[in-house]
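S.K.: The structure is given below, and queries will be raised subsequently.
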Amino acid sequence: MGRRGRSRSSSPSERCHAYGHRQRSIQSLAEEPCHVEIELLGEPSRERDQYIAAFGGLTQFDFHAEDPIDVDRLAVSAETLADLEDQLLLFFTGYSSRASSILADQKQRSEHDDEAMIANLDYVNDLGLRIGVALKSCDTATFATLIHEDWTHNRRRSTGISAGHSDKVCAGNGAPTTRLKDSKPCL
């Protein structure tokens, strides 16, 4: 049924949830929608959305081609969380889009060894690691810069990622722009 995640969390309440009167691991809550979308429906879906929805919080994932997905809850100080709460603004723009065509294009280009696509994906993966380090180090200024850089690279990877309106929301306020799903944080 797909790859297994390995959680580095230690709390039993974080490792399982009740679903249908059965105890379910968080990993299975992430794996099952991946199985449905990718294997049954043939959608060019990413696993990260399902994993972050299941695990939540400030969590770092290490996705491997065939190996289990490593899940690491970031040890972030209360001070850093408070700083993020004070500095992070999230705006719902009212716009939404289906990612299927964007992901299909990225998958096809990756499978054809498109150098620009591979380089962009590798760079964004490295950014994710650097974002984790910034959060663990209580460096929210670097976090903001890296999140903006991540968004910029995501937009370069495929057309259709941004409708343009969400960029104008923050740009009009002089803030760096970053998009999170169909919402818009400005740091």
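Please treat every number below as a calculation from the coordinates, not as lab data. Just so it is clear, the model here is predicted, and its values are computed rather than measured. Using ideal geometry, Cβ is built from the backbone for each residue, glycine included, and neighbour counts are taken over all protein chains shown.
S.K.: Mind checking the stretch 37-128 for trypsin sites (Lys or Arg not before Pro) that DSSP puts in a loop (not H, G, I, E or B) and that have at most 11 other Cβ atoms within 10 Å?
M.R.: Of the trypsin sites (Lys or Arg not before Pro), the ones in loops of the stretch 37-128 whose Cβ has at most 11 other Cβ atoms within 10 Å are Arg98.
S.K.: Continuing with this model, one more query. Suppose R0 equals 22 Å; then what is the FRET efficiency for Ala119 and Thr145 from their Cβ-Cβ distance, rounded to the nearest 0.05? Walk me through the numbers on the way to the answer.
M.R.: Values: r = 20 Å, r/R0 = 0.92.
Rounded to the nearest 0.05, the efficiency is 0.60.
S.K.: Another question, if that's okay. I want to check the label-to-label distance for Leu40 and Asp62. Put each point 7 Å from Cα in the C-beta direction and report it in nm to one decimal.
M.R.: 3.1
S.K.: For Arg24, which sequence-distant residues (separation of 5 or more, or a different chain) have an amide H within less than 5 Å of its own amide H, given hydrogens modelled in the peptide plane?
M.R.: Amide H to amide H, under 5 Å and 5 or more residues apart or across chains, Arg24 pairs with His17, Ala18, Tyr19.
S.K.: Here's something else I'd like to know. Taking 0.36 nm per intervening residue step and subtracting the Cα-Cα distance, what contour gain separates Ser77 from Glu111 on full extension?
M.R.: Value of the extension gain: 8.2 nm.
S.K.: Rounded to whole Å, give me the distance from the Cα center of the stretch 45-115 to that of the stretch 140-162.
M.R.: 12
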